[in-house]
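The values are calculated or read from the model by the stated rules, or taken from the named source; none is laboratory data. All values reported here derive from a predicted model rather than from experimental measurement. Using ideal geometry, Cβ is built from the backbone for each residue, glycine included, and neighbour counts are taken over all protein chains shown. In case anyone asks, the SASA skips ligands and DNA or RNA and just uses the protein heavy atoms, side chains included. Shrake-Rupley method; radii C 1.70, N 1.55, O 1.52, S 1.80 Å.
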Amino acid sequence: MTMHTQAAAGRWQIPSGSAARLSALVQSVVLPVALPVVQALLLALVPVWVAVLAMGPGAARAGEVLDRVASSHTLKVCIWPDYYGITYRDARTGRLTGIDAELSAELAKDLGARLQHVDSSFSRLVPDLLESRCDVAMFAVGILPQRQQQLRFTQPYLSSDIYGITTKSNPAVRSWADIDQPGVQVAVQRGTFMEPVMRETLKHARLVPVEPPQTREKELMAGRVDVFMTDYPYSRKLLDSSDWMQLIAPPRPFHVLPYGYAASPADPQWLARLNQFVSDIKRDGRLARAARNNGLTAIVAP
């Protein structure tokens, strides 16, 4: 080693005893400051990791739904086939009618895809979307906070209040004020937004959730309930097709809820495309036309 090299090496040599002092400094000063910062960063990432894990193995990657629809030329749309005015399947003919029967066909046309309807319900809505059994739910899904924790919604395209349906001969319920009275049996469809609303509202009447194969109408006709709660679309069709039912409307707005289309939270690009569709049908008149065809003009969202 030359003198020049030795001199250079000497400049970088830590003096005797300094290494121990430097180690003590790191442990006493640097680590107490740095560790909380690292811990805070790791804790901040926990919600992200939880969200990713919650999506499960069937969750879509960003843009995956649009890619799948484009490659398969098929759009899978979840519907509830018992929803009058929205997506209702005639038991005799199998024909599907309603505003979202028409608008789902419009969405498929815009995407250049074949439309495939997938039977669902409000109680199966969340797993059907999160497990990719369908690409979008199009059956006037109420935008509820508890649903927003698990799903993503488009901008509203409809909104509705809650109404009561009873028989014209029922002596117990003749007005809205008669509903929450002791002894009155109030039916709701299991999984609809009416269930939590009425559960919280009723103080004296008894809530009766109904799920398939039973229906609210059958329970009412059989006399097992006095009234059932529904929304504007369902009530319109019932009154148009039955002369024994009576509408009980709230005297003032009771619980107006916006309706949108629902999708998995895993694919923001797909949600953006669905929002574009809602904007398009509002602007070009397709929403107004479908609403007019099904007697729903009064509840179209601006």
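Which of the residues belonging to the stretch 124-161 are more than 12 Å from Cys78 (Cβ to Cβ) and part of a loop (DSSP other than H, G, I, E, B)? Those that are more than 12 Å from Cys78 (Cβ to Cβ) and part of a loop (DSSP other than H, G, I, E, B): Ile143, Leu144, Gln149, Gln150, Thr154, Gln155, Pro156, Tyr157, Asp161.
Look through Arg292, Arg283 and report the one residue that is closer than 14 Å to Ile99 by Cβ, open to solvent by 60 Å² or more (accessible area, probe 1.4 Å) and part of a helix (DSSP H, G or I). Working first, answer last.
On the way: Arg283 fails: closer than 14 Å to Ile99 by Cβ.
None of the other options fit; the residue is Arg292.
With (1) within 27 Å of Ala301 (Cα to Cα); (2) at pLDDT below 95; (3) of a type in the set (A, V, I, L, M) as the list, and Val141 as the residue in question, which single condition is left unmet? Condition (2) is where Val141 drops out. Contact map, the stretch 99-127: residues that are over 21 Å from Asn294 (Cβ atoms) and basic (Lys, Arg) paired with residues that are open to solvent by 60 Å² or more (accessible area, probe 1.4 Å) and at pLDDT 95 or above, Cβ distance under 6 Å, separation 6+ or inter-chain. Pairs shown: Arg114/His73. If I filter the stretch 227-261 down to residues being within 22 Å of Pro156 (Cα to Cα) and of a type in the set (S, T, N, Q), which single residue comes out as modelled with the highest pLDDT? Among those residues, the one meeting the criterion is Thr230. The conditions of being out of contact with any strand residue (DSSP E or B) (no Cβ under 8 Å at 6 or more places or on another chain), open to solvent by less than 50 Å² (accessible area, probe 1.4 Å) and of a type outside the set (A, V, I, L, M, F, W, C) are met by Ser242.
Identify all residues within the stretch 245-272 that are within 16 Å of Leu66 (Cβ to Cβ) and either buried (at least 21 other Cβ atoms within 10 Å of the Cβ) or of a type in the set (A, V, I, L, M, F, W, C) (or both); write none if there are none. Spell out how you get there, then give the answer.
Going residue by residue through the stretch 245-272, those that are within 16 Å of Leu66 (Cβ to Cβ) are 261, 263-272.
Passing the criteria: Tyr261, Ala263, Ser264, Ala266, Asp267, Trp270, Leu271, Ala272.
Would you check if Ser104 is touching a Lys or Arg at 6+ places or on another chain (Cβ under 9 Å) and among the hydroxyl-bearing types (Ser, Thr, Tyr)? Taking the combined requirement at face value, the residue does not satisfy it. Of all the criteria given as (1) within 14 Å of Tyr261 (Cα to Cα); (2) of a type outside the set (Lys, Arg); (3) surrounded by 15 or more Cβ atoms within 10 Å (Cβ to Cβ), the one not satisfied by Thr97 is (1).
Does Leu107 satisfy the criteria of being modelled with pLDDT of 95 or more, within 22 Å of Arg236 (Cβ to Cβ), within 22 Å of the chain's Cα centre (by Cα) and in a helix (DSSP H, G or I)? Working first, answer last.
On the way: modelled with pLDDT of 95 or more: yes; within 22 Å of Arg236 (Cβ to Cβ): no; within 22 Å of the chain's Cα centre (by Cα): yes; in a helix (DSSP H, G or I): yes.
No; evaluated as a whole, the condition is false for this residue.
Quick one: in the stretch 199-239, of everything that is open to solvent by less than 50 Å² (accessible area, probe 1.4 Å) and among the small types (Gly, Ala, Ser), which residue is nearest to the chain's Cα centre (by Cα)? Among those residues, the one meeting the criterion is Ser235.
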